[in-house]
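Visitor: Please find one structure pasted underneath; my questions will follow.
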Amino acid sequence: MSSSKSNIRMGVFLCGCGRNIAATVDVDQVAEKSKKIDDVVYVEVNKYTCSETGQAALRSAVREHKLNRVVVASCSPLLHLETFKTTVEQAGINAYLLEMANIREHCSWVHQQNPKAATDKAFELVEMAAAKARYLVPQKEPEVSIIPKAMVIGGGVAGIQAAMDLANSGHQVYLVERTPTIGGIMAVLDKTFPTMDCSICILGPKMSDVQNHPNITLMAYSEVQEISGFVGNFKAKVLHKPRFVTDACTACDECTQVCPISIPNEVDGHLSWRKAIYMPFPQAVPSTFLIDTNYCHGVNPIACAKCRDVCREKGADCINYDDQERMEEIEVGTIIVATGFKPFDASKVPEYGWGRYPNVVTTLEFERLFNASGPTEGHLIRPSDHKPPQKVGFVQCVGSRDQRFNTYCSNFCCLETVKCALLIKEHWPETEITVFYVDIRAFGKGFEELYRKAREEGVQFVRGRPSEIQEDPETQNLTLFVEDTITQKLIQPEFDMVVLSIGADPPDLTNFPLPLAKGSDGFLLEAHPKLRPVDTASRGIFIAGGVESPKDIKESVTQASAAAARASQLMVKGKVTIEPIFAEVDSSLCTSCGVCVTRCPYGAISIQIKGETPAVVNTALCEGCGTCAADCPADCIQMHHFTDFQILEQIRAALKRNPEEKAIIFACSFCSYLGADLAGVSRMQYPTNGRVIRTICAGRVDPDFVYEAFNLGAGAVALTGCHPQDCHFISGNRFAAKREKKIRNWLKKQNIADERFEIEWVSAGEGKKFQQLMTRMSEAAVAFSKTKE
Amino acid sequence: MEKIIEQDIKAKLEELSKLVAPCLQCASCAAACPVFQTHFERNPRQVALRLARGDFSDVLADEAFWWCGSCYSCEAHCPQGVPLTHVFFELKRLAVEASKPVPKLIQKIGERLSEGFISPATPDVQEKRKKLDLPPVAKPDLQEIQKILDVSGLSQKLKS
């Protein structure tokens, strides 16, 4: 134990995590070595530090040994930092006197083949944590009030459910829907599996409940343009698009009779026509018409005005050609994102001929051909000659489980097909139906029973994926080429109609006003895949439904209720504590240059008179990214809990031994650190000489950190963060990337090879990319160390 | 020496096994294969299956892959991105290396090489070319072809 005179009394708690850490890392050896770290007065090994036994041991050790700093070496801080913060507070010391060393995701799980080196690395990770812990100071978490209102983005079944649950719990809800009506994909389906309920019959009443609920403000045909603020206090700008029809509209339908413009109806999969003035479908909510400006004769009474005239004739006056788009600003405490997935675009698979052969339709189009309010009023006909089909083929996994399109299984398409096949059999039992599948996944409650029923009704299931569909130009019948893998013979069956069971494409979030982390599949990432499935990395923002992964109605509704409960949990408290990670300006050193002001995306830092008065931070607005601190030429801005000195101490500790073999990786808390954790969870192995230092944002990485690492002899350094458009702090990583030129110039002057420094964007879903980066940086370091020999 | 070759071949088969490991046995390859259309015993999916299962005992003696015409339809249709045509090329190489019997037709093709054509330019073909306004098939330089066969070691292999 240390005999230093400092008044710091540090305790180190090493977790074996059952065998998760202990199988690779010799935890006892790390414990022995840790005893010699300066200021460490107590070391303990736990089987599970996070268990109640482990936490109790930690609490009593803090009290007994009068510890005033705690290092827990276990899993990722993103998993259990909150747990241990509570534990040390219970033991009577400030939660910010705790530091974690990630010896599981960043060590034992990624170095399984190399226990010795993993053990050495684990000890050095403890040293790094101790180096930072030594200089930690207590912080107070400020409390802010929460606006007891929520915004739900997306009015599909998930958004509707979330809005209703929140509204019924007494919260005010804004439900924002991009299209003219709520209802989403569920509203256009005919029946639902496995119960064969009528889709709109169970959704319709919910939709009108939304419209009539006193706590819900429905904003249909509106888009969220901008979101700012933080948990409890978000500001959103919502753009209301003009409908040109007032709320007084009674949906009498006279206007569509006179409208001269007919266009293919997107709700019916373009299989029917609608007018330029229209209502998407009879049960639409809000149940008013609107004018489609893309097709109307100019929305101008001089050009046409037939609809306005007939409306006036009927004694109403609902057409308003002067309607304009309108921006509304709302303030909410929590946000639920439920924007859904996109149906797969079947034209991407040209070998199946969708879009070229009229009798090849998707499952969604089939739903309309079967729907009482669809183009055929529920009479199944094939598009080419409007005759009822005698032989129908279904092709599974269209666009799903396919490296060329979406690699994932879309979850709902198997039962969607089983349902459609049964619907045909119910009305026209003599129809021959064959389903071509690779695997049938009937995993849900009642699914297998429905699959069996389809077999009993005579639906044929052939295992084999068709390579091609060919159309007979005369009959417009379709021939499939497929190997029946059970009989091992090529068959070329002919059908009147083929239905492609399409899966889900990821949502298009290109202009989405929130920087939410996406997985490599393009769907939004949850904060934890098992334990926080509807939370995001941003507090107060939740996800539900198809935007998170492809899912059916029941799963969407379940998730929506969960998200609503999570949001409600925050709002009922009325107050929320926020992390005290703010910028603080040392006004005695500030030169009032104004660089920090240009760096802050929140307007949290200001200078009254440039060149004269020092910069001032508004802590209520500061989000703690640290971009200002990194770019401050006078180095007079400090980030609480992530100070320059604390980070430099971590770097120094990491490079104490054999610095030339080490690679220092700076990782942001919202993407790349999560990517590193994912590599760990996925057991993606990489060399042991990388050392990850967590910062809040890539913007926090001061070039001085990079210089210090190289000055100490580091083999390689990498700066990582979210992909540019995903930066949690809007522009932090953009400014980080701007430092590259400056850093490279410095490297050149120091005669440091270019490949020893890298800037790489790693999303939370890119474990593989992180593994590759670590391997590359490690190789660069090893190559450098060889030149030193 | 023979043992070394055997081990070498096994290692290479294991590499091929890894390439086909993502195969779901969906049979897109078979459905797209022009050879399988006429001969159900020549099934590209079955070759992939045998490799994926590590059943190497008679995989090289199997004639199926010799009939691959390298049209790449299987690769183009494979949803899992398995480079099946490449796998067939490798199997052919390994079969020769392991001195496995080569199907008669392939031997015939080998013999034809001395004429400079794999498939001869029949009068029918020449007629078609004329219609399409294409020049007649040129006479190959036999010496050059022989040299390629010698340098590549193929003529030696064909003899043995």
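Visitor: State which residue pairs qualify: first residue assigned to a loop (DSSP other than H, G, I, E, B) and inside segment A:455-467, second residue of a type in the set (Lys, Arg) in any location, beta carbons under 8 Å apart, and separation of 6 or more residues or different chains.
Guide: A:457/A:425; A:458/A:425; A:459/A:425
Visitor: Can we say residue B:156 is surrounded by 12 or more Cβ atoms within 10 Å (Cβ to Cβ) and either in the same structural domain as residue B:48 (by TED's automatic domain parsing) or in a helix (DSSP H, G or I) (or both)? Reasoning before the result, please.
Guide: Numbers: surrounded by 12 or more Cβ atoms within 10 Å (Cβ to Cβ): no; either in the same structural domain as residue B:48 (by TED's automatic domain parsing) or in a helix (DSSP H, G or I) (or both): yes.
The answer is no for residue B:156.
Visitor: Of the residues that sit in segment A:444-470 and are more than 14 Å from chain B (Cβ to nearest Cβ) and under 35 Å from the mean Cα position of the chain (by Cα), which one is surrounded by the most Cβ atoms within 10 Å (Cβ to Cβ)?
Guide: A:451
Residues are listed down the side, and each one gets a yes or a no for (1) of a type in the set (Val, Ile, Thr); (2) assigned by TED's automatic domain parsing to the domain that holds residue A:693; (3) more than 19 Å from residue A:135 (Cα to Cα); (4) surrounded by 19 or more Cβ atoms within 10 Å (Cβ to Cβ):
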site	(1), (2), (3), (4)
A:16	no, no, yes, yes
A:52	no, no, yes, no
A:58	no, no, yes, yes
A:62	yes, no, no, yes
A:70	yes, no, no, yes
A:74	no, no, yes, yes
A:77	no, no, no, yes
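Visitor: Are any residues in segment A:410-443 away from chain B (no Cβ under 14 Å), out of contact with any Phe, Trp or Tyr (no Cβ under 6 Å at 6 or more places or on another chain) and in a loop (DSSP other than H, G, I, E, B), and if so, which ones?
Guide: If the condition is that a residue be away from chain B (no Cβ under 14 Å), out of contact with any Phe, Trp or Tyr (no Cβ under 6 Å at 6 or more places or on another chain) and in a loop (DSSP other than H, G, I, E, B), then A:411, A:412, A:428, A:429, A:430, A:431, A:443 are the ones that fit.
Visitor: Counting just the residues of segment A:471-514 that are part of a loop (DSSP other than H, G, I, E, B) and either within 14 Å of chain B (Cβ to nearest Cβ) or of a type in the set (Lys, Arg) (or both), which one comes out nearest to residue A:429 (Cα to Cα)?
Guide: Within segment A:471-514, the subset part of a loop (DSSP other than H, G, I, E, B) is A:472-477, A:485-488, A:492-493, A:496, A:503, A:506-514.
Still in the running and either within 14 Å of chain B (Cβ to nearest Cβ) or of a type in the set (Lys, Arg) (or both): A:485-488, A:492-493, A:503.
Numbers: A:485: 27, A:486: 26, A:487: 26, A:488: 29, A:492: 23, A:493: 20, A:503: 27 Å.
Only one residue fits best here, namely A:493.
Visitor: Would it be correct to say that residue A:483 is among the acidic types (Asp, Glu) and either within 29 Å of residue A:196 (Cβ to Cβ) or touching a residue at least 24 places away in the same chain (Cβ under 8 Å) (or both)?
Guide: Against the criterion (among the acidic types (Asp, Glu) and either within 29 Å of residue A:196 (Cβ to Cβ) or touching a residue at least 24 places away in the same chain (Cβ under 8 Å) (or both)), residue A:483 does not qualify.
Visitor: Only residues that are touching a helix residue (DSSP H, G or I) at 6+ places or on another chain (Cβ under 6 Å) and more than 11 Å from residue A:756 (Cα to Cα): list them for segment A:707-718, please.
Guide: Residues satisfying the conditions are A:708, A:709, A:712, A:713.
Visitor: Tell me which residues, restricted to segment B:38-52, are part of a helix (DSSP H, G or I) and either in contact with a Lys or Arg (Cβ under 6 Å, 6 or more places away or on another chain) or within 11 Å of another protein chain (Cβ to nearest Cβ) (or both). First the steps, then the outcome.
Guide: First, pick out the residues of segment B:38-52 that are part of a helix (DSSP H, G or I): B:38, B:44-52.
Correct list: B:38, B:44, B:45, B:46, B:49.
This table checks each residue for (1) in a helix (DSSP H, G or I); (2) outside the structural domain of residue B:137 (by TED's automatic domain parsing).
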site: B:70; (1), (2): no, yes
site: B:75; (1), (2): yes, yes
site: B:81; (1), (2): no, yes
site: B:89; (1), (2): yes, yes
site: B:92; (1), (2): yes, yes
site: B:112; (1), (2): yes, no
site: B:117; (1), (2): no, no
site: B:120; (1), (2): no, no
site: B:124; (1), (2): yes, no
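Visitor: All but one of (1) buried (at least 22 other Cβ atoms within 10 Å of the Cβ); (2) under 30 Å from residue A:532 (Cα atoms) hold for residue A:48; state the number of the condition that does not hold.
Guide: Of the numbered conditions (1) buried (at least 22 other Cβ atoms within 10 Å of the Cβ); (2) under 30 Å from residue A:532 (Cα atoms), the odd one out for residue A:48 is (1).
Visitor: Moving to a separate point now. Which condition does residue A:407 not pass, out of (1) of a type in the set (Ser, Thr, Tyr); (2) crowded, with 24+ Cβ neighbours inside 10 Å; (3) part of a loop (DSSP other than H, G, I, E, B), if it passes all the others?
Guide: (2)
Visitor: Spot the failing condition for residue A:386; the list is (1) closer than 19 Å to residue A:494 by Cα; (2) touching a Cys at 6+ places or on another chain (Cβ under 7 Å), and only one is missed.
Guide: (2)
Visitor: Quick check on my filter: what residues within segment B:81-95 are over 11 Å from the mean Cα position of the chain (by Cα) and surrounded by fewer than 17 Cβ atoms within 10 Å (Cβ to Cβ)?
Guide: B:81, B:83
Visitor: Whether any residue in segment A:355-366 is within 14 Å of chain B (Cβ to nearest Cβ), in a loop (DSSP other than H, G, I, E, B) and surrounded by 20 or more Cβ atoms within 10 Å (Cβ to Cβ) is what I want to check.
Guide: no
Visitor: Here is a follow-up. For segment A:301-333, which positions are surrounded by 13 or more Cβ atoms within 10 Å (Cβ to Cβ), in contact (Cβ under 8 Å) with a residue 12 or more places away in the chain and not in a loop (DSSP other than H, G, I, E, B)?
Guide: If the condition is that a residue be surrounded by 13 or more Cβ atoms within 10 Å (Cβ to Cβ), in contact (Cβ under 8 Å) with a residue 12 or more places away in the chain and not in a loop (DSSP other than H, G, I, E, B), then A:306, A:307, A:308, A:309, A:310, A:311, A:319, A:328, A:330, A:331, A:332 are the ones that fit.
Visitor: Then there is this: Any chance you could count how many residues in segment A:367-404 are in a loop (DSSP other than H, G, I, E, B), within 19 Å of residue A:435 (Cα to Cα) and either of a type in the set (Ser, Thr, Tyr) or away from chain B (no Cβ under 14 Å) (or both)? Working first, answer last.
Guide: Looking only at segment A:367-404, we keep the residues that are in a loop (DSSP other than H, G, I, E, B), and these are A:371-390, A:399-404.
In the following step, the residues that additionally are within 19 Å of residue A:435 (Cα to Cα) were identified as A:380-382, A:388-390, A:399-402.
When the remaining residues are screened for being either of a type in the set (Ser, Thr, Tyr) or away from chain B (no Cβ under 14 Å) (or both), the result is A:380-382, A:388-390, A:400.
Within segment A:367-404, residues that are in a loop (DSSP other than H, G, I, E, B), within 19 Å of residue A:435 (Cα to Cα) and either of a type in the set (Ser, Thr, Tyr) or away from chain B (no Cβ under 14 Å) (or both) number 7.
Visitor: Please tell me if residue B:97 is more than 14 Å from chain A (Cβ to nearest Cβ) and at pLDDT 90 or above.
Guide: Considered against the rule, which asks whether it is more than 14 Å from chain A (Cβ to nearest Cβ) and at pLDDT 90 or above, residue B:97 comes out as no.
Visitor: Quick one: in segment A:10-63, of everything that is among the small types (Gly, Ala, Ser) and assigned to a helix (DSSP H, G or I), which residue is farthest from residue A:688 (Cα to Cα)?
Guide: Of all residues in segment A:10-63, those among the small types (Gly, Ala, Ser) come to A:11, A:16, A:18, A:22-23, A:31, A:34, A:51, A:54, A:56-57, A:60-61.
Narrowing further to those that are assigned to a helix (DSSP H, G or I): A:31, A:34, A:54, A:56-57, A:60-61.
Working: A:31: 19, A:34: 19, A:54: 28, A:56: 33, A:57: 31, A:60: 34, A:61: 32 Å.
Result: A:60.
The values are calculated or read from the model by the stated rules, or taken from the named source; none is laboratory data. Keep in mind that what you see is a predicted model, and the values were worked out from it rather than measured. Please note: Cβ atoms are built from the backbone with ideal geometry, for glycine as well, and neighbour counts cover all protein chains shown.
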